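The values are calculated or read from the model by the stated rules, or taken from the named source; none is laboratory data. Just so you know, these numbers come straight off a predicted model, no measurement behind them. Here the Cβ positions follow ideal geometry from the backbone for every residue, glycine too, while neighbour counts run over all protein chains shown. We work out accessible area using only protein heavy atoms, side chains counted, and drop any ligands, DNA or RNA first. Shrake-Rupley method; radii C 1.70, N 1.55, O 1.52, S 1.80 Å.
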Amino acid sequence: MEAYKEFAYIYDELMNDVEYKTWFEYIKEIIKTKNIKGKKVLEMACGTGNFTEYLCNEGYDVTCFDISQEMLTIAYQKLRKYRNVTILNQDMTEFKLKDKFDVIVSICDSINYITDLKNLHKVFSNVYEHLNEGGIFIFDINSYYKLKNIIGNNVFVDENEKVFYVWENYYDNNLDVCEFYLNFFVKECDRYKRFEEKHLQKAYRSEEIINALKLAKFNTIDVYDAFTFKAPTNNSERINFIAKK
């Protein structure tokens with residue numbers, strides 16, 4: 001079962017509670033605080049383009065990519081009206097672009113999908129090579145605490161007018177990987193279509209992320225509780241990182 005296949009077409013339906021505007025305003029404040037004047041932005045794992053739209057509307061020169069062609073199909077429908085965006089099908093661990101950027105951003109815990117340290121280092125090294133001198137890399141993770149203790153081995157059930165789903169989880173204590181088993185029932189006319197997806201997220205401790213960034217030559221690294229400029233606590237559920245080249 002591949003992730004973000006059929007799920008892509010109901011992703012926005014299920015993620016309508018995500019505060020993309022709040023996320024954008026926070027990242028815009030980071031860019032201002034870090035005194036980044038350039039307008040070239042790369043968004044990794046852009047998904048269906050919800051955050052990308054805010055970047056485009058703000059006038060940034062945006063390049064965005066995702067590994068899922070299905071997610072990009074949805075993103076293209078939203079973004080094709082903009083002249084300041086380039087949409088690509090790329091993998092975070094292997095992307096290679098001609099341009100360098102002032103800001104590289106990845107939101108919504110995409111980094112947790114990199115499930116081993118070797119590939120994480122490849123991602124961070126690749127990001128470093130694609131940043132202009134003085135540029136910044138902004139990203140967040142689902143915290144170790146959240147994946148192990150809140151999502152953990154729990155089961156979640158939710159529904160709306162169009163979708164009913166069961167989200168079963170298994171946490172592997174040896175690998176610190178959380179497996180998500182998603183079972184969807186999507187209403188189509190007078191019947192339901194069923195499909196499944198499996199997702200894996202690695203539970204990283206902040207120290208592991210920081211060490212991987214340092215290995216990739218990042219030396220200036222800030223760590224915050226998400227959407228704040230305060231240090232994370234042991235119970236933080238989302239942690240934000242800013243690494244400067």
For the chain, what is the relative contact order in percent, using Cα pairs closer than 8 Å and at least 6 residues apart in sequence? 18
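Could you sort 164-171, 152-159, 43-50, 188-195 so that the peptide with the highest average Cβ count within 10 Å comes first and the rest follow in order?
The most tightly packed comes first, giving 43-50, 164-171, 152-159, 188-195.
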Along the range 173-182, Karplus-curve 3J(HN,Hα) (6.51, -1.76, 1.60; θ = phi - 60°) to the nearest Hz, with x for Gly and Pro, reads 5, 6, 9, 6, 10, 9, 9, 9, 10, 10
Between Asp99 and Phe227, what length comes free when the chain is fully extended (0.36 nm per residue of separation minus the Cα-Cα distance, one decimal in nm)? 43.2 nm
Cβ-Cβ cut-off under 15 Å around Asp172, Lys and Arg +1, Asp and Glu -1: the net charge is -1
Summing +1 per Lys or Arg and -1 per Asp or Glu among the other residues with Cβ less than 9 Å from Phe218's Cβ gives +4
Report the antiparallel proportion of the DSSP beta bridges in the chain as a percent, rounded to a multiple of 5. 70
Output the pairs from Lys40/Lys146; Lys148/Lys187; Lys78/Lys202; Lys37/Lys146; Lys118/Lys244; Lys146/Lys245 with a Cα-Cα distance over 27 Å in this structure; if there are none, say none. Lys40/Lys146; Lys148/Lys187; Lys78/Lys202; Lys37/Lys146; Lys146/Lys245
Name the trypsin sites (Lys or Arg not before Pro) in the range 81-123 that are in a loop by DSSP and that have at most 10 other C-beta atoms within 10 Å, would you? Lys81, Arg83, Lys96, Lys98
At most 15 other Cβ within 10 Å, DSSP loop - trypsin sites (Lys or Arg not before Pro), the range 146-180: Lys162
Only one of the listed values, [x] 77, 39, 34; [y] 46, 39, 36; [z] 55, 45, 30, was derived from the coordinates as Cα extents along the principal axes in Å; which label is it? [z]
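How much mean residue ellipticity at 222 nm does the chain get from its helices, if each DSSP H run of length 4 or more adds -39500 (n - 2.57) and you divide by all residues, to the nearest 500 deg cm²/dmol?
Using -39500 (n - 2.57) per qualifying helix, the result is -7000 deg cm²/dmol.
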Per residue accessible area of the chain, 1.4 Å probe, in Å²: 51
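Once you keep just the Cα pairs under 8 angstrom separated by 6 or more residues, what percentage relative contact order results for the range 146-201?
Relative contact order comes out at 27 percent.
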What are the ³J(HN,Hα) values, in whole Hz, obtained from phi via the Karplus relation 6.51 cos²θ - 1.76 cosθ + 1.60 with θ = phi - 60°, for each residue of the range 142-148 in sequence order, with x given for Gly and Pro? 5, 5, 4, 4, 5, 5, 7
Within 12 Å, Cβ to Cβ, of Gln90, how many net charges do the neighbouring residues add up to if Lys/Arg are +1 and Asp/Glu are -1? -3
At 0.36 nm per residue, and after removing the present C-alpha to C-alpha distance, how many nm does the segment from Asn219 to Asn84 gain when stretched out fully? 45.5 nm
Check cross-link reach from Lys28 to the aspartates and glutamates: straight Cα distance under 17 Å, and skip same-chain residues fewer than eight apart. Glu19, Glu43, Glu53, Glu58, Asp61, Asp102, Asp140, Asp222, Asp225
The range 202-245: which chymotrypsin sites (Phe, Trp or Tyr not before Pro) are DSSP loop and have at most 15 other beta-carbon atoms within 10 angstrom? Phe229
